[in-house]
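Inspection log for the structure reproduced underneath, given as structure tokens.
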Amino acid sequence: MKRFLALSALCLLQVVQAWTQDNPNTERPRRQRGGFGGRIELGPDDRQTHPDPPDDIVNLRDVPLGKLEMIEYESKTVGTTRKMNVYTPPGYSDSKKYPVLYLLHGIGGDETEWQRFATPDVLLNNLIADDKAVPMIVVMPNGRAQKNDRAEGNVMASAGAFAVFENDLLKDVIPAIESKYSVAADRQHRAIAGLSMGGGQSLNFGLSHLDTFAWVGGLSSAPNTKAPKELIPDPENAKEQLELLYLSCGNKDGLIGISQRVQRYLKENEIPHIWNVDSYGHDPTHWRNNLYHFAQLVFQTTSTDHTPEENQPTAPSDQPSVNEEHAGDSNEPEGIKDDFKPSPTNQDGKENPQVNSQGRIKFRIVAPEAKSVATTFRDSTEFVKGEDGAWIGYSRPLDEGFHYYELIIDGAHVPDPDSKYYFGAMRWGSGIEIPAHDRDFYALKNVPHGQVREIYFHSESTDSERRAFVYTPPGYDSNQDKRYPVLYLQHGWGENEYGWSVQGHAGLIMDNLIAEGKAKPFIIVMTYGMTNEVRMGGLRNFDISDFETVLVDELVPHIDQNFRTLTDQPNRAMAGLSMGSMETKSITLRNLDKFSHIGLFSGATIGKEDVENTDGFKDKVELVFVSYGSKEVGGGRTRRGGNPADSVKQLKEMGIEAHYYLSPETAHEWQTWRRSLKEFAPLLFQPEDNLLGNWKVDFDTQIGVQSYAMTFGEESGELSATAKAEVDGRSRDVTFEQVKRTGDIISFVENLDFGGNEIRIEYEGKIDGDTILFSRKVGDFATEKATAKKSKSVDDLVSENAKESMQRGADAQRQQAVAMADSVDPNFHIYLSFGQSNMDSGGRMNDADRDVPERLLVLADFDNDQRGWQKGSWYHAIPPLAARGRGICMVDSFGKAMANSLPEDIRVGLIKVCVPGCKIELYQKESFQSYLDGERDWLKNIVKTYEGSPYQYLVDMAREAKKHGVIKGILLHQGESNTGDKEWPEKVKSVYDDLMRDLDLDPNEVPLLAGEMVHADQGGRCASHNAIVATLPDVIAGARVISSAGLPTDDKLHFNPDGSREFGKRYAAEMLSFLASENLVAE
């Protein structure tokens, strides 16, 4: 490494000399001699704002691991195949969308430099495990865009190639990443940073393309950095577009002047940025440390859990926020309102701190001997000391609600002596309340009050005496015969069992809701959610299973024995904020026999997969409530578990009572959670409203039967109604308007766009138990009546509709199995087909597709009562060719073309197995299970239907088919999920060879026909894989590749119905060409 650094220093020195000559600095507050480059002159802004992390940030730990892989991509810019190093986070899944950080190296490095200097994979594994960084993909490309991109010889000679890389990055690297990996392909989820020459590239490219990157970092940026005015010609646009601009350099780095020049320009133009100057030189320790800081800042919407926003001090602890020489200076912010009042969280009799109507805090700290005073609220003013020895400072405007903070006096973090103390951020410290406009719901009023009782219980599992606070509602002691439901309510990371009753005002919220008749009286239990001693930032050491034992096996029985509770599952709920929501999700999903209502505030989200993978969820869960502050999910950003609003919508469609709430203008803070409890509590333990839920109704209309799967919901007293409507195989989503209910009458309106004309459809229904008698008035055309019936799940309803639609189309031609002789017919040609989604029978059918030659048969893959199918029997091949299919695929037109082209005495039989989204590894006979173990649950469920092995399922059907005919060819379409995998041809060969052996086939007589992915001429997202597909005949002598050029697509991944039809004909043409050598093709 020393040799490499020396080489880098010598190379950069040549460029730096010219820069230092052209940039004389007229201000010279401090001078040092730089390690290399030029003279170092430090000003008052050049200070350390982020402390050095410990060296163990890159130590291997027992945490989930991401994956580091070297991949190749085709660079049109350079005209060759290039390499880049790619890190994917622990638990990477194609079902999620990840942000991407593009990380660039220095002039003497390549795609491996970052890994050698800072081991970003280890660093990110640790940060993600500690919940300090968002799971992200990190791409480390080679920034030297030339055919020989190795760092050899005079590396300065390749400096021009670093500029060329801008085009390579934008047009080749990013598209390659976004076609191979599951990424969120928008600027908000794309970051760029680099070291030295790569730092200059990052600033040049990132700031010049703010439509592509929202997060930009330059570490020790080199002289290739453009002049500030060229970098940011429009400061106002940069302010609007940038999420983060991070600059860093060591105070011993002779290149610091380059970053200083940029930083001064940013400051002059008031462009928000971070400028971190530590004590290192132009070296890997600086780059590693600042990558550590940068990685925690990118793609974040709010601070994590309860490490409060105040973590960013106005000034670092080792530097004063104001020197005594500034005493007497005015620091009052411009436009501030002088209507300050003592905070309600002050100690009795204390006038300070004070809060005004703008949400600003005015601090007055009497510390006459202090050299400096500051606060941990970021963006606060400097504190100025008056003649009386009192220091005055102001915060920025803060969100409504409660905030933790500390004072920094001469570098020491201390509580404010005038504030009450609260436990948060793993410490007892100061807190302050910014009065909220809606604070009435937790105000102390003249209403009946419950009690918050402090209790202790013995925990055998932890061998300790543990504490809980228990809220009992008003009247609990006066009526000894009444029993109550129970809510177990958990705090977040860094807090304890005091949180909800003190900061959260849970007792007052419940008293007021009960007094207003908005909530049913129930008990609330609040206990400490940790079971082992962990330091701040050490959440990775917390084992939730231990707390689960404490709560479920020890605390719940203790509460039931010592309080008058309703002890059955319908009367027990659990909720939590932030970390507590994670605990709530894990514990309730594993204990649905004990909890029926689930509340998740600012953290976990329950989605469709959770429901599908949890036995009994639909039957046992009465309510799922998910909430966030609007600032946590604002700006189009979603949480790590995906979009919570979409997840809740999915739950509703599955027939689950689910609610989503956004606290207006708040972030990850107590006002969000107070409001969440206010919204959640009225929903608990309420008798069921029979209207709410899912209903199925069929209207017999002039254009056919229209099936509606309707869903009625209620949010904050407002009714809503949506539906999935289907007619003749076509479906649409409907959001009804003007939803009203008067007694047992429900009414709403649908505005339908029909051929460019809007038709108003008015619905009115009378609710009668599990039925609704509907009248439907369609404009001035017709009035229809129908009866709706209640059902559990929209998915079930839609499935029923689809089945009934299929039944209506198939009843007239319910299929009978084709009788087959017991002997092998050499004129019965059989073709096997397998692959992923483009082999799926999903394309929309037309009448021509259903016109199938009598000589074309299909072997039923599963039973299907509606079609009369029995697995293993042959049927006339009317689409879909799969018992569970919905339409056509390329195999349909292949079969028709073969049957129409071969002599009339030859029949054609088709066999198909398909698993959407799978890799070719799924069909590898010996090793598929190890691949499958790491796959997504939905894919595993598909595989289960193939009795656990799609390959063996295909072989078993083929063996049955061989009793009646001769296998002539094998069709494959797969590769999207293996895009870029150079080993794909060998993997395909292993599957092909196994089929030859297991079915006793001759590879000289049974070719493999493999089709390309959607072509580049159609913008195919996986088109780069076609170059690999083209090599298949080099590996398998009998393989033939089918071109996809010109075949249309609607999503650049799947062929549309027209594309599938044409593709099947191309497969047939290739097969007929092969058969022509045997003189089997008709003239």
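Laboratory data are not the source of any read-out in this text; all were calculated from the coordinates shown. The model shown is predicted, which means the values in this text are computed figures rather than measured ones. Quick reminder, even Gly has a Cβ in these numbers, built from the backbone with ideal geometry, and neighbours come from all protein chains shown.
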Nonlocal amide H pairs with GLY424, under 5 Å, H built at 1.01 Å
GLY429
Leaving out same-chain residues fewer than 8 places away, which aspartates and glutamates sit with a Cα under 16 Å from that of LYS239?
ASP211, GLU230, GLU268, GLU270
As straight-line cross-link partners of LYS371, the qualifying aspartates and glutamates (C-alpha separation under 16 Å, not fewer than 8 residues apart within one chain) are ASP318, GLU324, GLU325, ASP329, GLU382, GLU387, ASP388, ASP410
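What does the charge count around LYS76 come to, taking other residues whose C-beta lies under 10 Å from its C-beta (Lys +1, Arg +1, Asp -1, Glu -1)?
Numbers: positive: LYS171; negative: GLU74, ASP168, ASP172.
Within the 10 Å Cβ shell, the charges total -2.
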For the chain, what size does the Cα cloud have along each of its three principal axes, sorted from largest down, in whole Å?
110, 89, 65
In the stretch 325-409, what GluC sites (Glu not before Pro) fall in a loop by DSSP, with at most 13 other Cβ atoms inside 10 Å?
GLU334, GLU351, GLU369, GLU387
My understanding is that a pair violates if its Cα-Cα distance is over 25 Å; which of LYS482/LYS585; LYS132/LYS585; LYS871/LYS1065; LYS896/LYS925; LYS147/LYS982; LYS83/LYS171 do that in this structure?
LYS482/LYS585; LYS871/LYS1065; LYS896/LYS925
Cross-link pairs LYS67/LYS944; LYS445/LYS518; LYS97/LYS180; LYS67/LYS940; LYS226/LYS252; LYS987/LYS1052 - those with Cα-Cα distance over 18 Å:
LYS67/LYS944; LYS67/LYS940; LYS226/LYS252; LYS987/LYS1052
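Roughly what % antiparallel, to the nearest 5, for the DSSP beta bridges in the chain? Don't skip to the answer; put the middle values down first.
On the way: 122 of 196 bridges.
If we restrict to bridges inside the chain, about 60 percent are antiparallel.
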GLN300-PHE862 pseudo-label distance in nm [points 7 Å out on the Cα-to-Cβ vector]
4.6
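Using only alpha carbons, build the gyration tensor for the stretch 908-968 and give me the equivalent ellipsoid semi-axes, biggest first, whole Å.
Details: eigenvalues 121, 24, 18 Å².
Taking √(5λ) for each Cα gyration eigenvalue gives 25, 11, 9 Å.
Pop the C-beta distance of ASP339 and ASN59 into the FRET formula with R0 = 41 Å and round what comes out to the nearest 0.05. Working shown, then result.
Working: r = 52 Å, r/R0 = 1.28.
It comes out at approximately 0.20.
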Rounded to the nearest 5, what % of the DSSP beta bridges within the stretch 818-964 are antiparallel ones?
30
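In what order do MET530, MET820 fall by count of nearby beta-carbon atoms within 10 Å, going from fewest to most?
Details: MET530 21, MET820 16.
The order, fewest Cβ neighbours first, is MET820, MET530.
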So how tilted is helix 950-961 from the main axis of the chain? Cα-based, degrees 0 to 90, rounded to 10.
10
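Calculate the FRET efficiency for GLU715 and SER775 from the Cβ-Cβ distance with a Förster distance of 25 Å, rounded to the nearest 0.05. Intermediate results must be reported in sequence, preceding the final value.
Numbers: r = 27 Å, r/R0 = 1.06.
The computed FRET efficiency comes out at 0.40.
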Relative to the longest principal Cα axis of the chain, at what angle does helix 2-22 sit, 0 to 90 degrees, rounded to 10?
70
Once phi for every residue in the stretch 65-76 is put through the Karplus expression 6.51 cos²θ - 1.76 cosθ + 1.60 (θ = phi - 60°), the whole-Hz ³J(HN,Hα) values, with Gly and Pro written as x, are 10, x, 10, 10, 9, 8, 10, 10, 8, 8, 9, 5
In sequence order, what are the phi-derived ³J(HN,Hα) couplings for the stretch 517-526 according to the Karplus relation 6.51 cos²θ - 1.76 cosθ + 1.60 with θ = phi - 60°, rounded to whole Hz, with x for glycine and proline?
x, 8, 9, 7, x, 8, 8, 10, 10, 10
Cα-based helix-to-principal-axis angle, 579-590 vs the chain, degrees rounded to 10
30
Antiparallel versus total DSSP beta bridges in the stretch 814-1076: what percent is that, nearest 5?
20
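Restricting to Cα pairs below 8 Å that are 6+ residues apart, what does the relative contact order work out to for the chain? Please round to a whole percent. Walk me through the intermediate numbers first.
On the way: 2308 pairs, mean separation 62.7, N = 1083.
Averaging sequence separation for qualifying contacts and normalising by length gives 6 percent for the chain.
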Taking 0.36 nm per residue of sequence separation and subtracting the Cα-Cα distance, how much length would be gained by fully extending the chain between GLU152 and GLU460, in nm to one decimal?
104.3 nm
Cβ-based net charge around ALA681, under 12 Å, with every Lys or Arg adding one and every Asp or Glu removing one:
+2
Give the relative contact order (percent, whole number) for the stretch 441-683; include only Cα pairs under 8 Å separated by 6+ residues.
18
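How far, in nm, would the chain grow between LEU692 and ALA1076 when pulled straight, counting 0.36 nm per residue and subtracting the alpha carbon separation?
On the way: separation 384, 0.36 × 384 = 138.24 nm, distance 6.45 nm.
The span from LEU692 to ALA1076 would gain 131.8 nm if fully extended.
By how many nm would the segment from TRP428 to GLU986 grow when fully extended, if each residue of separation counts as 0.36 nm and the alpha-carbon distance is taken off?
Numbers: separation 558, 0.36 × 558 = 200.88 nm, distance 6.20 nm.
The span from TRP428 to GLU986 would gain 194.7 nm if fully extended.
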Kindly state, to the nearest 0.05, the FRET efficiency for LYS740 paired with ASN446, given R0 = 35 Å and r defined as their beta-carbon distance.
0.45
Just going by the charge dipole of the stretch 55-300, with Lys and Arg at +1 and Asp and Glu at -1 on Cβ, which of ALA214, LEU68, ASN204 is farthest out on the positive end?
ASN204
The whole-number value in µm²/s of the Stokes-Einstein translational diffusion coefficient for the stretch 55-300, with Rh from the Kirkwood sum over alpha carbon pairs at 20 °C and 1.002 mPa s, is 120
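Can you sort CYS918, CYS249, CYS1022 so the residue with the fewest Cβ neighbours within 10 Å comes first? Display every interim value, and only then the final one.
On the way: CYS918 25, CYS249 30, CYS1022 20.
Ordered by Cβ neighbours within 10 Å, fewest first: CYS1022, CYS918, CYS249.
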